[in-house]
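Asker: Once you've had a glance at the structure underneath, I'll fire off some questions.
The values are calculated or read from the model by the stated rules, or taken from the named source; none is laboratory data. Remember, predicted model here, so these are calculated numbers, not experimental data. Cβ sites come from the backbone with ideal geometry, for glycine too, and all protein chains shown count toward neighbours. Accessible surface areas use protein heavy atoms only, side chains included; no ligands, DNA or RNA. Shrake-Rupley method; radii C 1.70, N 1.55, O 1.52, S 1.80 Å.
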Amino acid sequence: MLTLKNIDKSYADDQALSGVSLNIPAGSCYGLVGPNGAGKSTLIKIIASIIHDHDGDVQFSNNKRRIGYIPQEIALEETLTARDNLYFFGKLYGLSGKTLKSRTDDVLSEIGLDNRGKDKVQTFSGGMKRRLNIGCAIMHEPNLIIMDEPTVGIDPQSRRYIFHMIERFKKEGSTIIYASHYMEEIEQLCDEAAFMDDGEVLENGTIETLLQNHAVPSIYVKGENCLPDDVGEYGSVTKKNGGYLIRTNDPLSAMEKVLSFCRKNNEKLDRLELVQPRLEDVFFSLTGSQLRD
């Protein structure tokens, strides 16, 4: 579907992207993972042909007119109705007459707003606006859908609705590029992902491969005075949710060490558990830091 070769982009003295190369297969949901400022938005604007002045090659296997781009910022006219917004974008994509009306009806149903089509957007919740934002981008039935942080600041119900939409897009054969700094969303939705930070791709591959190659086993410990002074010998210790996360290649020995210490010193242990490796652990392994906002 899409091949990126050595993409570079600078703003004055700021190197936004440096040597980015990726292959995004057709029919997949491909995640771009990284903190704010990592270069995700710049990269997808280059893919969407919004930014033209860059170095490197962007090669498509399909017609660029079949791209649907959903920006992080809401791109709607709030004084118009939902239906009028869809009409406007449909006309931009070359739809007209009965085709435009029929497609508008279909999209309103797809985004769960078929009973709000005649209402002005300014009366909508944040989640409803996000869904309409997606609807405007799919009026022309694109086969490449680019989504930049589509769930920022929305309610859980709208988030679930957007997830269901993405699953439907995948079943219909669309390719999706999904940029986010929410690791749990990438794990749930994406087949493959690329980790970005400071304008570079640190690692990419299938979700399973990334977890296998880079995630370090961890244990979670919670309790007062529950850690022996030498627990750091087993791995790195960081504070998390009122307890401690210990990343270690020998989690069972670390757990035994904590249990033995608590028994010997009669310390209360509230929680002690193995932690399933997550993509956030992969990011920590690659950068040595937590994913920042």
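Asker: Have a look at Ile176, Ile154 and point out the one that is open to solvent by 10 Å² or more (accessible area, probe 1.4 Å) and of a type in the set (A, V, I, L, M).
Answerer: When all the criteria are applied, what remains is Ile154.
Asker: Please work out which one of (1) part of a helix (DSSP H, G or I); (2) of a type in the set (Gly, Ala, Ser); (3) under 30 Å from Phe284 (Cβ atoms) is the condition Ser21 fails and give its number.
Answerer: (1)
Asker: Select from the stretch 150-188 the residues that are among the hydroxyl-bearing types (Ser, Thr, Tyr) and out of contact with any Asp or Glu (no Cβ under 8 Å at 6 or more places or on another chain) and list them in ascending order.
Answerer: If the condition is that a residue be among the hydroxyl-bearing types (Ser, Thr, Tyr) and out of contact with any Asp or Glu (no Cβ under 8 Å at 6 or more places or on another chain), then Ser158, Tyr161, Ser174, Thr175, Tyr182 are the ones that fit.
Asker: Determine whether Gly68 is surrounded by fewer than 19 Cβ atoms within 10 Å (Cβ to Cβ) and either in a loop (DSSP other than H, G, I, E, B) or within 24 Å of the chain's Cα centre (by Cα) (or both).
Answerer: Spelling it out, it is not the case that Gly68 is surrounded by fewer than 19 Cβ atoms within 10 Å (Cβ to Cβ) and either in a loop (DSSP other than H, G, I, E, B) or within 24 Å of the chain's Cα centre (by Cα) (or both).
Asker: Which residues, taken from the stretch 106-132, are over 15 Å from Asp155 (Cβ atoms) and open to solvent by 10 Å² or more (accessible area, probe 1.4 Å)?
Answerer: Scanning the stretch 106-132 gives Asp106, Ser109, Glu110, Asp114, Asn115, Arg116, Lys118, Asp119, Lys120, Gln122, Thr123.
Asker: Within the stretch 114-149, track down each residue that is within 24 Å of Tyr30 (Cβ to Cβ), hydrophobic (A, V, I, L, M, F, W, C) and part of a loop (DSSP other than H, G, I, E, B).
Answerer: Ile138, Met139
Asker: Something else now. For the stretch 93-105, name all the residues that are surrounded by fewer than 16 Cβ atoms within 10 Å (Cβ to Cβ) and at pLDDT 95 or above. Quick ask: steps written out before the conclusion?
Answerer: Here is the first cut: in the stretch 93-105, the residues surrounded by fewer than 16 Cβ atoms within 10 Å (Cβ to Cβ) are 94, 96-99, 101-102, 105.
Ser96, Gly97, Lys98, Thr99, Lys101, Ser102, Asp105 - these are the residues of the stretch 93-105 that are surrounded by fewer than 16 Cβ atoms within 10 Å (Cβ to Cβ) and at pLDDT 95 or above.
Asker: Given the residues Tyr87, Tyr30, which is the only one that is outside any loop (DSSP other than H, G, I, E, B) and either within 24 Å of the chain's Cα centre (by Cα) or at positive phi (or both)?
Answerer: The conditions single out Tyr30.
Asker: If I ask for residues that are at pLDDT 90 or above and touching a Gly at 6+ places or on another chain (Cβ under 8 Å), which ones from the stretch 27-41 would you list? It would help to see each step written out before you state the result.
Answerer: Restricting attention to the stretch 27-41, the residues satisfying the condition of being at pLDDT 90 or above are 27-33, 39-41.
Passing the criteria: Gly27, Gly39, Lys40.
Asker: If you scan the stretch 185-196, which residues turn out to be buried (at least 20 other Cβ atoms within 10 Å of the Cβ) and not aromatic (Phe, Trp, Tyr)?
Answerer: Glu185, Ile186, Leu189, Cys190, Glu192, Ala193, Ala194, Met196
Asker: Now, a different point. Would you point out which residue out of Arg278, Arg263 is touching a residue at least 40 places away in the same chain (Cβ under 8 Å) and open to solvent by 70 Å² or more (accessible area, probe 1.4 Å)?
Answerer: Every option except Arg278 fails the conditions.
Asker: Test Asp119 against the criterion of being more than 28 Å from Thr206 (Cβ to Cβ), over 28 Å from the mean Cα position of the chain (by Cα) and in contact (Cβ under 8 Å) with a residue 12 or more places away in the chain, and give yes or no. Reasoning before the result, please.
Answerer: On the way: more than 28 Å from Thr206 (Cβ to Cβ): yes; over 28 Å from the mean Cα position of the chain (by Cα): yes; in contact (Cβ under 8 Å) with a residue 12 or more places away in the chain: yes.
Yes; evaluated as a whole, the condition is true for this residue.
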